[in-house]
Each structure stands twice: as C-alpha cells, then as structure tokens.
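The values are calculated or read from the model by the stated rules, or taken from the named source; none is laboratory data. Keep in mind the model is a prediction, meaning the values are calculated, not measured. Here the Cβ positions follow ideal geometry from the backbone for every residue, glycine too, while neighbour counts run over all protein chains shown. To get the accessible areas, we keep the full protein, side chains included, count just its heavy atoms, and leave off ligands, DNA and RNA. Shrake-Rupley method; radii C 1.70, N 1.55, O 1.52, S 1.80 Å.
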Amino acid sequence: MTGILRVPAASEGTPRLRLLVLVAMQAHVPGVAGAAFRAADTRSQPRPEGSNPEVPYQAFGCSIFPSSMAPPTEQAGASLQPEEWGDATCPLLFIQLNQLLSTPAGLEWRETARWIKFEEKVEDGGERWSAPHVPALLLRSLFQLRTCLQKGTMLLDLDALSFKEIIDKALSGQPEEAELQPELRERLAALLLRQPQHQPTKSPLRLLAELSLSPCRGKAKSWSEPGAQLSETPLKEQLRNRFKKKVPPGAEAAHVAVGEVEFLEKPFTAFIRLRQGAALGSLAEVALPSRFLFILLGPQAKVKAYHEVGRAMATLLTDELFQRVARQAEHREDLIAGMEAFLNELTVLPPGKWDPSTRIPPPSCLPSPHRRTAVHTPDRQSHGNGDMAAAGDRAGLGHARSGEELERTGRLFGGLLRDIRRKAPWYGSDFSDALHPQCLSAVLYIYLATVTNAITFGGMLGDATANMQGVLESFLGTAFAGSIFCLFSGQPLTILSSTGPVLVFERLLFSFSQDHSLDYLEFRLWIGLWVAFFGVVLVATEASHLVRYFTRFTEEGFCALISLIFIYDSLKKMLSLADAFPINWQYRLDNVTSYSCVCNLSSPGHSSAGNNTPLPSPLAPPQPPTALARLSRSQCLGRGGHLLGTSCQYVPDVTLVSFLLFGGTFLSCTVLKHFRSSRYFPAGVRRLVSDFAIILAILASCAVDAALGLETPKLLVPSELKPTNPARGWIVFPFGANPWWVCLVSSVPAVLVTILIFMDQQITAVILNRREYKLQKGAGFHLDLLCVSLLMVVTSATGLPWYVSATVISLAHMESLRKESETSAPGEHPKFLGIREQRLTGLAVFVLMGVSIFMAPILKHIPMPVLYGVFLYMGVAALNSIQLTDRVRLLLMPAKHQPDLAYLRHVPLRRVHLFTVIQLLCLALLWLLKSTTAAVIFPVMLLALVGIRKGLERIFSLHDLSWLDNLLPAPAGKEAEGKEPGKQMEEGSNSEEVGDVPGAPFFHRPPRGRSLAWAEAEAGWDPAAWRGCLRGLGALPVPALSCFSRQSELMHRPGAEVNISVN
C-alpha cells in the first residue's frame, strides 16, 4: 500500500497546502483513526475559495489545517484533575458480570464472569471458576459499547444509597427519544431488583462436605430462590466468601448487568457512577462499596452480543487509565474520549491465525500507566547504536547510586555526617521492624551459613598461618565484629565475614613473614593499623564518591568471583571426603563369609592404624577368645592390642551418603524456595514454606542422616576459650619481636589491603543498595567504611581475622527478608514491596555466633555435607542473580530459543556476545590472580576493572552500554553539557519530530540549525493540526512513515513540493 502526500510549497501569496492521495484508504480506517480524521476535518479552518473540499482529504478523511480537536489521549488526560494524574492510584475495582438467563423457574440473574485485573469465567455446569486469563474481546463489541455510551442513559456523580434508588433514577433519567412507557419501566425495575445467583469461591473442605452430603440432600441449596428480591443487607455467604482475601483493602465494586427480555423493542442502556461508594446489599459476590454500574437490556435473539458488550465494559473498567477517566469525567464526551484512548492502544489479532477460545495466561509483569501515557513510545526503534536519548533514559534507570548518598559536600567528614543524619531517624524502627516471623527464618538461615563460613575459612586460615588464626578465632572475631557493625553501620543488612581475597592475602603475608624471620602477628598488627588510618582518610575525603564509577560490569565481575569461590569450596570440601572415607571398591558381596576382624592381644605385630580400605583375603585369622573378640576397636587399641582380619579397615560408604545429603540439601533448598509460586496449597502455606525453605531443608537432611545412623562428618565447634596455637596470646604487642622499621615498611602492603578492603566493601554495598531492592532507609557508604576501618584496629590487636562485607551471604540475607504483597488479584503475581530493613536479624546472628561455643552438644548433630549443600545453594543463587549468567546461557542457545530479554531487542546479538566474552576474560584473570603467586596484585586488578569498563566505551556505543551495563557519570567539567544526553536529544526531538507516530522508527530532520517548527512556520501550516493528522496516520496499518523536510529555498520556490511517502 503506497500513498504520496504532495505538499506544494508557499507561493508568493498566502501560503496554501494541498493534499493529494493516490490510494484511497478511508474505508480501511475504522474506529479511532477514522473518527480522529473526520473530527479534524469538521473542525478545521475554512478552506480557500475555489478548492475542492473533497479532493484534499477524501481518501484519508484527514485535514492538515489547524484543528481544535485534541487527540483522544490528550482529551482523556484533560478530563482529569492535575493532582490526580500524578502518582496517585485509583482504588482497585472488583467487577462482576451478571447475565439474565432463562431457566425452568423463569428469568434469573446469574454471575457468569468476574474481574479484578484479569478475567475469570464460570465454567459450563456452574460449579467451577476458570483460571485467570487475559480477556479476548470482539472488535465489534467495543464499537457497540461506544454506541451504547453515546446514546444511552448516563448518570455521573449520582447520589444514591440503595440499588432500588439507583434503578428508579436511571429509568426516570432517560432521554426523551428513548423514554420507556410506565408499564415497561415497572417491569424493568422489578426484573433488575431480583437477587442474582452468585458463584462463591469455596474451600476444598467445604466442597468435600457438600459432595458427601449431596446424595442425601439432593442438589446443593443456592443462595436464594429464583425470583427473590435483592437483599438490602449482605448475606452471610457474602461475608464468608473466601474470595474476599484476594481483594485488597480499599477496593470498590462495579456491576455489569446484561441480558435479553421479550417485552423490550429497543435496547435500554445506562452507565452510572456514584458520587460515593455505596453498599448495595447482596448485589455483589463480595461485600464491597459499589461505584460503577452498567446495564444493557434489549430484545431477544442477541444474547451473545449483549454478553460480549458486557465483557467489553468490564474489561474497559479494569484498565487503570480508563478508570481514571471514568472517575473524573464530567460529561459524556470525556468518557467517549477515554474509550478512544483505550482503542488507540488496541492490538488486533487476525481471526484465522489464532484460536479465539484460547485463554491467554496473565503475563509476569505489566507496563505501568506512566509508561503508557509517555509522550514518546517506549519501544520506539532506534536506527544505529548511537541513540543518545535511549542511552540517557537507560542511564537514569540504571544509576541507582546517583542520589545524595554519594554527592560530595566539599567538607572533611561531610559525607559521614550526612550518613549519620540520614540513618539516625530510622534507628528505632530498625528494631521494631524486625518483629515478624520472617525475621526468625532469616536469623536461623544466616546463622547456619555464617557458622559454616567461619568453620571453613577458620580451618583454611589455620592451615595457612600454622594455627595462628583458627576456628575459635574465626568464631570470636565474627561475633564481635559483626555485632558492632550491625549496631552502628549505615547498612545493617550487610553481613561481615572472612572472604576469599582476604584469605589469599593472609596466606601471602604469613609466607613472607616466615621467609624473612618476622613475627607474623606483630607485622600484621602494623598493617592493620595503617589500613585503619588509610580508611579514616578515605572517609574524611569522601572517597566513597568513587563508587559512582562501579557499574554493573564491575559489580557482576566481583559477585561472580565470590559466588564461584563458594561453589568451588563446597565441591572441594565434598571431594576431600573421599580421602577420609574412601569408597569400598574392593568389597564383594559373595566374599562376605570370609570377612572378619578380631582383637589380638597376644602378638604385637600387624596392628592396623587405619580404617579406610578393606583388605579382602580368603583366609580368616585364628579366632581369639570370645571375650576378646567382642572388644570394640577403641577398647582393643586402648589395651595395647591390634586388629586382625580382612574387614578391619572396612568402613561404610560414608562418602556416597555424604554426597546424597549434599545434593539433597541443595535441591531441597532450591525447590522449597520456589514453592511460593507453586500451584499447590493455599497462599499462606506456600509463603511460610518459602520463608523457612533453608531451615526445612536442613532439618529434613539431618533427619535422614539420623535415620541412617552412619558416622558422617559432623559440625564441630570449639568448646574452650583458648587460642588455637598455644604459642600466642589474646593481645598482640606492637613492639618487641620485629625490628623498629617494620612499622614503617608495613605501610606498603597496607596500601594493597586498603584497596582490597575498599573495593570488597564498597562493591558489596553497591550491590546491596541497588534500586531494584526498593530500600527506603537509605545507604551509608561512608559510615560503613568507617566501621570496617575501626574494626581493623581491634581485630589486628587481638590477632583475630580481618572482616569485610561478605557478598554472597549478604545477598542471601537480603533475599531472606523480601517483602511481597499479601493480597494479589487472581492471575497476578505478588508484588515485590522491598526488603525488611532492620538491625535485629544481623545482631541476633552474631550473638548466636558468640554463644555457639556453649551449643556444641546441639550443633554436633548437623552433618557438614548438609551445610556444604547450603553453601552451594548460596553460591548458585548469587550467580543466578546477575545478568552475566543470563548472557552466558545465550552463548549456548540458538537464536530461535533465546528468551525475550529487553537488551536483546535493542542490542545486536554479536555485540551482546562480545560484551559477555570480555567479562568472562576479566573473570578468568581475577581467578588466576587469586590462585597463583601473583595474588599480591589482586586488589589492583579489582581497581583495574573500572578502567577496563571505561575502555569499553571505545568498543561499544553508549546505546549498547546503557542496555548491557550502566553509563559512567560524566566528568565534573562536562556535566553541564553532557551529563544528560537523553534529555538534550529529547528536547531537540520535541521540536524536530513530526508527531508521535506509533510504528515510525525515526524521522529525517531538517538542515542543521533549522527545526521542523521553523519549517512549519515558513510553510504556513499549524503544528497542532499537522501532528494530529500524523497521529491518526499512526493508527493506520502502515509499516513505516518517513517525513522529509526540504531546504528553506525549496519551500519558498513557486511550484516546489515536499513529498511525504507512506510505504
């Protein structure tokens, strides 16, 4: 389909415009577009004399002359009060469709469908509600509904307190041409006041009870007898209806009643809006105040059409934008304009390409009303990867740390004081907000994770430092440092722990001390003091301002590294069980009669020190006396005897059972955590199981282990308060063991540790304070860094491990405190409301860490493979939470099987793969540095990630980076001219683009320095009318629309033309 709009340029006289169309298209413009064009014609300025009024616009029904007709969306928005078009949300509507049906007992109203956000239908048989689904409407029904709203009775802001009063006013307020006879009005009123038969939502127990009693009592009793009058008070069945739990507080009801009657010759329609919500007795399925009513009754033989019009009205009321218009409309035209705006966004599916009976499941997320009412369509395609407007918009969404937390004050400790002032008002609520059962689950989960981490890293520290720091020091240090941090930090949801990068530095530091005959703890003390000093200097100079340069690229690289460390360590620990408890490869069931083991006290030789591998032999040893044969292994060895036999070194397959517990715990955690979205059990049970998923998985695995009775490795915590290495004390003195110059030389490695602590702490803080977590109490980057720095002094002076934010455990802590909406409409996913921000869960975790020494008799029943399974789950969960994992999966997927991700719509796939490969190479380099002798420069490599990210701007456009990453903040000198490229381009596009044409990829702009507004003024046409016409063109089924504006000289040259092609 091709058309050309030929616009002659201005002549020497008055500028004129003429529209010539080669292909007639008006017949193909139904509904909105045609109405918009015809309205533009009728309201346009008078045409020049001598011109044929039909020629310029007969094909399109459109005029480009100035028009006072605003587009439907603008009219809809104009009908609202300005303050209510902002962030205020309308009360949710419960909409019920009652249909008049003919039964053997006569006519009766029956509930056939209901809506909150999605449609539910009563299935055939009237005993079951369908699954929620997106309503599919007939286009004809929408046009018929528009006709009903144009010609029917409309009562806005009606003052009425009962349904009878509403019906009386609706019947008496009919237009003169449609007024009914008194007899018909009485019959119609009596019919409308009948009690509808509802379809209540029953519990499974009630359904079973009715099923068991149905043979004795016959058909289940309905709410009311056919023909009964509507009750003015709610029925007890309404009050007991379980569906009310799905309706949020403050919701209102809307009623749609349709049907056919034999005594009417023409349809009766009425749309009613009450000034105040009124309780209309037993009219609705649930007892809610009613706000809207729509009635459509007409002659027979059109029951299907009436039903579809009723569904269209109910669907229209579920739309939040139309509901805003319906609540604020003052005239009938306002309501029609709201419907036109709804039709402007309508998507039509061809009838032969899909099955209309298919029920479309509800989507996981819906576009917000603000996005739908945006001036520029959000999914507008961009030509080229340099779309600065889109990049600026994405930058605004991505920079979650661009708030006042990271703004420089220019004063010493200015950022710290601002953090304290920000967090102080919330300090009381940080404890009261923890009074929720979900916090108990979080405490138990994070406590076990922290205990496992302390034992794991404590053991590694003991191996790396000759037990100068061991498990006991790890427990005490974690308890002390974590408690202080939770009490005084800016982000108390952060969990302090020993981390992999710090462990690497401790190993290198101990090796250096041993090689140069230095006292390790004293050398470490001076490094810790220097790190604390440097940390205070960073806080004083507001160095946390540099966090603005930590984009998703840096965050994901560090988070992936820590997650892989968790996964690697858990698997490594499990594989090491094969050394302590080897699998019995030599065991043969057929030789079981030849296996035996006895205690021999007579011969000193051949004592067995191990208990790992069976030694099969066809010959059994001589049997000693029975009393000696019954001695246990420990009793035999205690008496100086030795074991003889082929099964003395046999042990059960502990390794196999340990791996089963390990994998079972991981799978149980994964399944139970996702149980919230399961189809089984009520929502409250699913939510409870999901909140306590980790604890339930641990308890189940411990029960299995106890039932089997095998000696799997158990959790062993220190039971005495004494240093792991007897050669050290609890206080480290700064002088005496090392030369005096060590206190100065230690500043060099302290610089590396400072970089490591700063990067580790601040990257974790950046991840935890991202916008998607919806934190309300603000961040505290400077205050957190100060707490970590001061804790370095205490832990260094006492010989305890150094602590910093643990990324994976902190993310697990955040996830365990997620808040979601308790009431959600059928088909709607629970809304994420934020994180339960408080200090008590972290404080309780670290207090329990301190008393764990006295809980050894209880903790020793927990198998270590179970805790390693929790470790694996935490690492995998943290790894799955980053975009890098999704992009790595894309490398293994054919294009046709790839998910519909947002960045795939805007960035070429090869560019996505290139970005992913660069990230993977950086991650591999970090892993190699951590695992080799070059680990001393590991902190510098973390800092280099920011530089690598800056260098990516030479490879990728800002448009690509805005979707795959976050844009870096502009330098201070360029903020005025380039910090918001999106806004600058948007301002230019407002004057350069011709209208807001859906489906138009982009418009060729006028010559440099000349905007379209200038061209319009030169050509002599009105911008509003021109844009209105092009908005109408946007509703046409055309693939693309390109507008070419010519030079000023061409436009003023007589006879010159500006061609607008429609392809």
Just give me the residues in segment 165-184 being outside any loop (DSSP other than H, G, I, E, B) and farther than 28 Å from residue 334 by Cβ, in sequence order. 182, 183, 184
May I ask you to say which residue of 131, 136, 160 is in a loop (DSSP other than H, G, I, E, B), among the aliphatic types (A, V, I, L, M) and open to solvent by 50 Å² or more (accessible area, probe 1.4 Å)? 131
Within the set of pairs 6+ apart or on separate chains, which have a first residue in segment 445-461 that is within 13 Å of residue 874 (Cα to Cα), a second that is open to solvent by 10 Å² or more (accessible area, probe 1.4 Å) and at pLDDT below 85, and C-beta atoms under 7 Å apart? 445/695
Subset of segment 880-919, residues closer than 27 Å to residue 448 by Cα, touching a residue at least 24 places away in the same chain (Cβ under 8 Å) and open to solvent by 40 Å² or more (accessible area, probe 1.4 Å), comes to 881
Across segment 532-545, what is the total count of residues that are crowded, with 16+ Cβ neighbours inside 10 Å and not in a helix (DSSP H, G or I)? 1
Residue 924 - would you say it is under 32 Å from the mean Cα position of the chain (by Cα), at pLDDT 50 or above and surrounded by 13 or more Cβ atoms within 10 Å (Cβ to Cβ)? no
Residues (under 30 Å from residue 361 (Cα atoms) and either touching an Asp or Glu at 6+ places or on another chain (Cβ under 8 Å) or surrounded by fewer than 21 Cβ atoms within 10 Å (Cβ to Cβ) (or both)) located in segment 845-879: 876, 877, 879
Go through 690, 719, 746 for me and flag whichever is modelled with pLDDT under 80 and among the polar types (S, T, N, Q). 719
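Yes or no, residue by residue, for (1) surrounded by fewer than 22 Cβ atoms within 10 Å (Cβ to Cβ); (2) of a type outside the set (A, V, I, L, M); (3) in a strand (DSSP E or B); (4) over 23 Å from the mean Cα position of the chain (by Cα):
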| position | (1), (2), (3), (4) |
| --- | --- |
| 791 | no, no, no, yes |
| 796 | no, yes, no, yes |
| 799 | no, yes, no, yes |
| 810 | no, yes, no, no |
| 825 | yes, no, no, no |
| 829 | yes, yes, no, no |
| 833 | yes, no, yes, no |
| 843 | yes, no, no, yes |
When both residues are 6+ apart or on different chains and their Cβ atoms are under 7 Å apart, which pairs have a first residue that lies in segment 261-286 and is over 22 Å from residue 231 (Cα atoms) and of a type in the set (Asp, Glu), and a second that is part of a loop (DSSP other than H, G, I, E, B) and open to solvent by 10 Å² or more (accessible area, probe 1.4 Å)? 262/300; 265/299
Going through segment 411-459 in order, the residues found to be over 27 Å from residue 802 (Cβ atoms), more than 30 Å from the chain's Cα centre (by Cα) and open to solvent by less than 10 Å² (accessible area, probe 1.4 Å) are 414
Which of the residues belonging to segment 93-125 are assigned to a loop (DSSP other than H, G, I, E, B) and open to solvent by 20 Å² or more (accessible area, probe 1.4 Å)? 104, 105, 117, 123, 124, 125
Restricting to segment 434-448, name every residue that is in a helix (DSSP H, G or I) and closer than 17 Å to residue 690 by Cβ. 437, 438, 439, 440, 441, 442, 443, 444, 445, 446
Those residues that are touching a helix residue (DSSP H, G or I) at 6+ places or on another chain (Cβ under 8 Å), more than 29 Å from residue 949 (Cα to Cα) and part of a helix (DSSP H, G or I), I need them from segment 513-531; list them, please. 513, 514, 520, 522, 523, 524, 525, 526, 527, 528, 529, 530
Test residue 489 against the criterion of being at negative phi, open to solvent by less than 20 Å² (accessible area, probe 1.4 Å), of a type in the set (Ser, Thr, Tyr) and modelled with pLDDT of 85 or more, and give yes or no. yes
Out of 754, 724, 712, 655, report the one residue that is modelled with pLDDT of 90 or more and surrounded by 14 or more Cβ atoms within 10 Å (Cβ to Cβ). 754
Scan segment 531-544 and report the pairs whose first residue is at negative phi and whose second residue is part of a helix (DSSP H, G or I) and surrounded by fewer than 18 Cβ atoms within 10 Å (Cβ to Cβ), with Cβ atoms within less than 6 Å and a gap of 6+ or a chain change. 532/793
Would you please name the residue that is modelled with the lowest pLDDT, looking only at residues in segment 333-351 that are over 30 Å from the mean Cα position of the chain (by Cα) and open to solvent by 70 Å² or more (accessible area, probe 1.4 Å)? 351
Unique match (being in a helix (DSSP H, G or I) and within 30 Å of residue 663 (Cα to Cα)) among 702, 743: 702
Going through segment 266-292 one residue at a time, which ones are closer than 21 Å to residue 197 by Cβ and at pLDDT 90 or above? 290
Can you tell me which residue is most open to solvent (accessible area, probe 1.4 Å) among those in segment 546-577 that are within 14 Å of residue 501 (Cβ to Cβ) and touching a Phe, Trp or Tyr at 6+ places or on another chain (Cβ under 8 Å)? 564
Extreme residue, farthest from residue 112 (Cα to Cα), among residues of segment 273-285 that are among the aliphatic types (A, V, I, L, M) and in contact with a His (Cβ under 9 Å, 6 or more places away or on another chain): 280
Answer from 834, 799, 827 - the residue that is touching a residue at least 24 places away in the same chain (Cβ under 8 Å) and touching a Pro at 6+ places or on another chain (Cβ under 6 Å): 827
